[in-house]
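The values are calculated or read from the model by the stated rules, or taken from the named source; none is laboratory data. All values derive from a computational prediction rather than experimental measurement. Reconstructed Cβ throughout: ideal geometry from the backbone, glycine too, with neighbour counts over all protein chains shown.
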Amino acid sequence: MGDSVCCDCVGEPFLVHEISQDGHSDECVICGEYKKCTSLHDLKQKIECLFDEYIRPGGIIYNYDSDSPQFDHQEGDDLQFWIATVLDTDENEDIVEAVHDQFMKDAGFEFMSQGESRYNCDARYIRSPVLPPIAEVKWTEFTDEIRYSRRFFCEGAKPFLDWLFKDIADYLVPGSANEKAIYSVESVAIFRARIYHSSADFEAISKNPKKELFIAPKEKALAGRMNPSSIAAFYGSFDRETCVAELRPPVGGTVVSGKFNIIRPLRVLDFTKLADIFHPHRLSYFDPSFMENECRIQFLESLHEKISMPILPSQTEDYLTTQVIAEYLSSYLSIEAVLYSSAQIEEGSNIVIFSPATDALAYATNSIVRHKILKVQYETDSQSYEDGEPENIDFEPDNWSF
């Protein structure tokens, strides 16, 4: 009997299809059946190529309790764990043990010929950090074209957003079998606020809060995070504290807030859930498109941070990209609102309801509250400088890893 394993014993869907199409007929060393097979050596080499790209030896942890550092353990998981991971099966399955044995067999030959083996049973391995250049390059090209080149006839915008949001409605969120990043919201209260400067301003709002706290008429609508000028959107929060804080009023200032109820189902994209999304169908490590798909998912996970990043009043041109994203979501994915975290209140959340869907809102009678700003807290990242030293803006890249 040779070293052939059949597609059924391999089990990994992508490999099953590949072996069924291109494999050779032979007797399987695991099940003993005569089926389409691949050799254990070839399978091991495929897996080894993946390991070269996706895992690396774990760090060595030392114990410093004694006079000299002593080896304690190595971070990560053993080779059998990683074989099972890429084959999407349990560590105790026969195929995992067979591939593991092939690694050990080849390691002996490698040691005899080269003096070392790339992978061995005594070491532990961790995922290699991988920067997603595909997604970042696409994002940079998209933002640069919007800001500096073709703003109104941007040829690259839709293809990029089609790629980025592909199948987004199908992605799942951990913790629930059916929870997704796109869902329906109804019968929820949201709050909206305005800064006012005089008793006359307050009286005008108090007399007609439904109008004064609602979206501005199109001729007065200013550009915002999710809307260009003259195309209004309803910006609200799920609690009054966040609603007031988002206006960034000064100490001594006054704000009035009101409550609105969502009276019909709204189709929303919740950016706060993008950090945990996963594809409902497992992406095979062996699929040539695996890296691109993983990069896209990883980039989606970071998109919430890009969307919710605070912008200074003098930097509103940075809203251009989010405005284009909002229009795309509304026009092509039938999204009526988006949720994102507050940049001002740690646990706060905001909602933007696009103009066509503001009919879903109803003002809650007698809900206005006056807020006097007594104190504002600031959290800073401070850095000392010597006289004449140029500014050094620290840049810490996202920790991309698969």
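Within the range 34-45, being touching a residue at least 12 places away in the same chain (Cβ under 8 Å) and surrounded by fewer than 16 Cβ atoms within 10 Å (Cβ to Cβ) holds for one residue alone: His41. Scanning the range 226-269 for residues that are of a type in the set (Phe, Trp, Tyr) and either over 27 Å from the mean Cα position of the chain (by Cα) or under 25 Å from Ser198 (Cα atoms) (or both) returns Phe234, Tyr235, Phe260. Could you check Ser257 against (1) without any contact (Cβ under 8 Å) to a residue 60 or more places away in the chain; (2) among the polar types (S, T, N, Q); (3) touching a His at 6+ places or on another chain (Cβ under 8 Å) and say which number it fails? Among (1) without any contact (Cβ under 8 Å) to a residue 60 or more places away in the chain; (2) among the polar types (S, T, N, Q); (3) touching a His at 6+ places or on another chain (Cβ under 8 Å), the lone unmet condition for Ser257 is (1). The residue of the range 176-189 that is surrounded by the most Cβ atoms within 10 Å (Cβ to Cβ), among those that are at pLDDT 90 or above and farther than 22 Å from Ile215 by Cβ, is Ile182.
Within the bounds of the range 184-196, is there any residue that is assigned by TED's automatic domain parsing to the domain that holds Ser367 and more than 23 Å from Glu347 (Cα to Cα)? The answer is yes; a qualifying residue exists. If only residues of the range 1-29 that are in a helix (DSSP H, G or I) and either under 13 Å from Leu40 (Cβ atoms) or of a type in the set (Val, Ile, Thr) (or both) are counted, the one that is nearest to the chain's Cα centre (by Cα) is Leu15. Applying the criterion of being of a type in the set (A, V, I, L, M) and buried (at least 17 other Cβ atoms within 10 Å of the Cβ) to the residues of the range 296-314, the residue that is modelled with the lowest pLDDT is Ile307. Across the range 357-382, the qualifying residues are those that are modelled with pLDDT of 85 or more and loosely packed, with under 10 Cβ neighbours inside 10 Å, and the one among them that is farthest from the chain's Cα centre (by Cα) is Asn366.
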